[in-house]
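*Asks:* Structure below; questions to follow.
The values are calculated or read from the model by the stated rules, or taken from the named source; none is laboratory data. Because the structure is predicted, anything quoted here is derived from the model rather than measured. Positions of Cβ are backbone-derived with ideal geometry, glycine not excepted, and every protein chain shown enters the neighbour counts.
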Amino acid sequence: MQPASLLVLIIEDEQPIRRFLRVSLAAEGYRVAEAGTGEEGLRLAAQQPPDLVILDLGLPGIDGQEVLRRLREWLSAPIVVLSARDQEKQKVEALDAGADDYVTKPFGVGELLARMRTSLRHANRPAADSTVVSIGDVRVDLAARLVFRANQEVHLTPLEYKLLVTLLKHSGKVLTHRFLLREVWGPQDSQETHYLRVFIASLRRKLEAEPARPRYILTEPGVGYRLVAE
């Protein structure tokens, strides 16, 4: 889908930032709608559902976290949080509430556009007819539950495989520690982040050419992990 056909809703109370975003996105071919408050953003989203939302958390009236929760009750489009709140706890809360990505102010427009494209690719990816998924030189046969790297079979433990498939299902999206632990180990282990570090390190050793400089399984410091499908 081309940018010219996509509507981006900006929910941001600072007018200079809205103006900068409007000009930058229009130059890339996106259609843009703007709201200065959470209430207005929710109204505009209901009137014409956007293809992507850029959401500030520090809004007057309804806080951005509440706007995010309300949007996620019915809107499946990507939501990229753009906020000066840079504490890890706030990032995790936004991502757990349904944000697809989080960009911290001050920001570069190039980075924001790249994050938007990644989120849109993930949201608009058609259901695969094939049960084989490839990421670089890594190939996962979901039907046979087999994993190959450079055409050589890689042995994964059941938990490693489950973790990899969870990352694959949400490729391009930042997944929090809590989400991954809940999906792979269950709610009883949702705080045991050391489990996750150990298994991520093991996956990297088996799947990455340079585990210390991963290309596919990236760390979002203090927040979680993102699988990049090249």
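*Asks:* Applying the selection to region 127-148, what residues are under 22 Å from P214 (Cα atoms) and at pLDDT below 85?
*Replies:* Across region 127-148, there are no qualifying residues.
*Asks:* Here's a follow-up. Has region 168-177 got any residue that is at pLDDT 90 or above, basic (K, R), assigned to a helix (DSSP H, G or I) and under 25 Å from R121 (Cα atoms)?
*Replies:* The answer is no, given that none of the residues of region 168-177 is at pLDDT 90 or above, basic (K, R), assigned to a helix (DSSP H, G or I) and under 25 Å from R121 (Cα atoms).
*Asks:* Within region 50-73, can you find the residues that are farther than 17 Å from L112 by Cβ, among the charged types (D, E, K, R) and in contact (Cβ under 8 Å) with a residue 12 or more places away in the chain?
*Replies:* D63, E66, R69, R70, R72
*Asks:* Still on this structure, I have one more. Do you know which residues across region 178-218 are basic (K, R) and in a helix (DSSP H, G or I)?
*Replies:* Those that are basic (K, R) and in a helix (DSSP H, G or I): R178, R182, R197, R204, R205, K206.
*Asks:* May I pose another question? Among the residues of region 69-76, is there at least one that is farther than 21 Å from K169 by Cα, of a type in the set (A, V, I, L, M) and surrounded by 18 or more Cβ atoms within 10 Å (Cβ to Cβ)?
*Replies:* yes
*Asks:* Moving on. Within region 155-186, which residues are surrounded by fewer than 18 Cβ atoms within 10 Å (Cβ to Cβ), more than 26 Å from V81 (Cα to Cα) and touching a helix residue (DSSP H, G or I) at 6+ places or on another chain (Cβ under 9 Å)?
*Replies:* H155, T157, L159, K162, W185
*Asks:* Taking into account only those residues within region 214-230 that are among the charged types (D, E, K, R) and surrounded by fewer than 18 Cβ atoms within 10 Å (Cβ to Cβ), which is nearest to E88 (Cα to Cα)?
*Replies:* Out of the qualifying residues, it is R215.
*Asks:* Ok, one more. Hey, could you check region 187-202 for residues that are among the hydrophobic types (A, V, I, L, M, F, W, C) and either under 30 Å from L52 (Cβ atoms) or not assigned by TED's automatic domain parsing to the domain that holds E160 (or both) and say which is surrounded by the most Cβ atoms within 10 Å (Cβ to Cβ)?
*Replies:* Once the filter is applied, the top-ranked residue is I200.
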